[in-house]
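Written out below as structure tokens is the structure these notes cover.
The values are calculated or read from the model by the stated rules, or taken from the named source; none is laboratory data. A quick note: this is a predicted structure, and the numbers were derived from the prediction, not measured. Quick reminder, even Gly has a Cβ in these numbers, built from the backbone with ideal geometry, and neighbours come from all protein chains shown.
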Amino acid sequence: MNEPLDRRVRALLRAASQPGQSDRLRNEGITETAIIRLAQRIARETDDLGQAWLDLQNAMDIAVRVQQEGRVPSNHGDFVDEVLTRVTGLAAEGEYTAASDAIAAALEADTARRARLLDSGIKIAMLEGNSATAAEYLIRKADLEAGGRAGFGALRALQDTHYVDGRDKGIAIDLEISMALARLVLTRARTADERGTALNDLGVSLRILGERESGTARLEEAVTAYRAALEESSRDRVPLDWARAQMNLGNALRTLGDRESGTARLEEAVTAYRAALEESTRDRVPLEWAKTQMNIGNALATIGERESGTDRLEEAVIAFRSALEEHTRDRVPLDWAMTQMNLGTALATIGERESGTARLEEAVTAYRAALEESTRDRVPLEWARTQMNLGTALAILGQREVGTARLEDADTAYRHALEEWTRDRVPLDWAMTQANLADLERAFFDKTGEAAHLERAEDHARAAQKVFHSAGARHYEEITERTLSAIAARRGG
């Protein structure tokens, strides 16, 4: 077991042993060995400790339900009760593979009383982290309830239930099951439209999983699934489904592009989004049109950040302003705020590259507008991000203008961000804000010559550097080292 994995396992077990958690498990007869095995499996599947704890809590809830349901007579006869008792005992000891094997054997031996066994088998498969088996049992249960083969619509609804739980609750196993279900539903598709729908559903599950992982394999699979969906769902026959697949393809390509240094994938994303607009028109589906404009703007803004000049950034500004024509504050306040924020970021990047202050002033206006709806109470982390971006635009303005009023406004915005971006909650965002405060204090010194600003700048920079070093964020650590060197140079001068 490598050290990072070992640390994650220990952190999960400490959290699981807290009063309330441990008592609940102990009262249900779940052994420490069972919890250790769950923690080990989940820690291997993700290096994100927050995600791992969420997945472990979900697994512990399932483990408790297995024990509780295993003690209730099934009304299906001694055979089923004996199997469930055996499975419950194995699960309590963390013997999830043996419990799964017992379910599989019982399902082969008894064909008349499968529903209760399938329910138990689904839960055991989830505890084992076996999404393929869970999906197979879910399909078998749906067929059993249908008295034959379940229809395509019913199976797709089943897949969507797990997708929505995985997406909205952040539970990885549900997303894995939704992906496995989509593959099985695809084998049940009878028409090109059904195949296109199933392939699009598969792509969506793969993309969400891929966005949460550091690698790109799932995202590449999602791109393949979307392209296959476009071959099945023709533009002439199902124009809006075709447009939706183009939009989803663009999303997967944009995420890939965000993780790569070049712009080829981002250009492909823009092409896919623009294709979607050919059918997702403003007259037909105004909010979908606006969302696509927003996505075009995001892709163009990223391309513009990586290229010299401002042409692509100007295109992004046009796309964001187009989105605001339908993403109005009254109609979709949070979408309006998000579009304002993205508009502000594009404007601020243009402003950094130009000598004047007009675009930076527009960026500040957009950020302040976003804060009217992205409030601290409603979306605290988004509020903090907007405060951070506002602070950065104000800091650049402050360096270009006489006096320190804008720098003081920037300091206020950064400190607001830190009210939600705490070191414990989001350490890298906290460190980034500390680094920005270091640059801000250096700017104060350049205007006032007061040495206290350099002292504060160094404190902020070293606080940021410590977190970047612990996280292995070498790029940002190097930037902070340059900030410290600049501070030292000013002292020497």
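Structure summary
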quantity: Output for segment 189-226, where each listed residue is surrounded by fewer than 18 Cβ atoms within 10 Å (Cβ to Cβ) and within 14 Å of Leu155 (Cα to Cα); calculated: Arg190
quantity: Sole residue being touching a helix residue (DSSP H, G or I) at 6+ places or on another chain (Cβ under 9 Å), without any contact (Cβ under 8 Å) to a residue 40 or more places away in the chain and either polar (S, T, N, Q) or surrounded by 14 or more Cβ atoms within 10 Å (Cβ to Cβ) (or both), chosen from Trp421, Trp430; calculated: Trp430
quantity: Out of Arg26, Arg41, sole residue that is charged (D, E, K, R), assigned by TED's automatic domain parsing to the domain that holds Ser120 and either touching a His at 6+ places or on another chain (Cβ under 8 Å) or surrounded by 14 or more Cβ atoms within 10 Å (Cβ to Cβ) (or both); calculated: Arg41
quantity: Some residue of segment 324-337 being among the aliphatic types (A, V, I, L, M), buried (at least 21 other Cβ atoms within 10 Å of the Cβ) and over 24 Å from Glu401 (Cα atoms); calculated: yes
quantity: Matching residues, segment 219-240, being modelled with pLDDT of 95 or more and among the charged types (D, E, K, R); calculated: Glu220, Glu221, Arg227
quantity: Where a residue in segment 317-334 is touching a residue at least 24 places away in the same chain (Cβ under 8 Å) and its partner, wherever it lies, is assigned to a loop (DSSP other than H, G, I, E, B), with Cβ under 8 Å and at least six apart; calculated: Glu325/Arg282; Glu326/Arg282; Leu334/Ser374; Leu334/Arg378; Leu334/Val379
quantity: Subset of segment 256-276 (residues that are at pLDDT below 95 and either basic (Lys, Arg) or assigned to a helix (DSSP H, G or I) (or both)); calculated: Asp258, Arg259
quantity: Candidates Leu440, Leu390, filtered to the one that is more than 26 Å from the chain's Cα centre (by Cα) and modelled with pLDDT of 95 or more; calculated: Leu440
quantity: Of all residues in segment 175-204 being assigned to a helix (DSSP H, G or I) and among the hydroxyl-bearing types (Ser, Thr, Tyr), the one that is nearest to Asn130 (Cα to Cα); calculated: Ser178
quantity: Flag for Lys123 being in a helix (DSSP H, G or I), surrounded by 15 or more Cβ atoms within 10 Å (Cβ to Cβ) and under 26 Å from the mean Cα position of the chain (by Cα); calculated: yes
quantity: Search result, residues across segment 480-493 that are under 30 Å from Leu49 (Cβ atoms) and surrounded by 18 or more Cβ atoms within 10 Å (Cβ to Cβ); calculated: Thr480, Thr483
quantity: Flag if Gly304 is assigned by TED's automatic domain parsing to the domain that holds Met341, within 22 Å of Arg353 (Cβ to Cβ) and buried (at least 22 other Cβ atoms within 10 Å of the Cβ); calculated: yes
quantity: Neighbours by Cβ (under 8 Å, 6+ apart or cross-chain): first from segment 361-384, closer than 13 Å to Asp335 by Cα; second among the polar types (S, T, N, Q) and part of a helix (DSSP H, G or I); calculated: Ala369/Gln340; Ala370/Gln340; Ala370/Thr386; Leu371/Thr386; Leu371/Gln387; Ser374/Thr386
quantity: Enumeration of residues in segment 86-102 that are modelled with pLDDT of 75 or more and part of a helix (DSSP H, G or I); calculated: Thr88, Gly89, Leu90, Ala91, Ala92, Tyr96, Thr97, Ala98, Ala99, Ser100, Asp101, Ala102
quantity: In segment 256-288, the residues that are of a type in the set (Lys, Arg) and over 17 Å from Arg227 (Cβ atoms); calculated: Arg259, Arg282, Arg284
quantity: Sole exception among (1) farther than 28 Å from Arg312 by Cβ; (2) in the same structural domain as Ser485 (by TED's automatic domain parsing); (3) of a type outside the set (Phe, Trp, Tyr) for Pro380, by number; calculated: (2)
quantity: From the options Arg26, Arg10, residue that is at pLDDT 75 or above, more than 23 Å from the chain's Cα centre (by Cα) and basic (Lys, Arg); calculated: Arg10
quantity: Tally, over segment 162-181, of residues that are modelled with pLDDT of 95 or more and over 14 Å from Leu138 (Cβ atoms); calculated: 0
quantity: Selection within segment 282-320 - within 27 Å of the chain's Cα centre (by Cα) and among the charged types (D, E, K, R); calculated: Glu288, Lys291, Glu305, Arg306, Glu307, Arg312, Glu315
quantity: Residues within segment 158-207 that are hydrophobic (A, V, I, L, M, F, W, C) and in contact with a His (Cβ under 6 Å, 6 or more places away or on another chain), tallied; calculated: 1
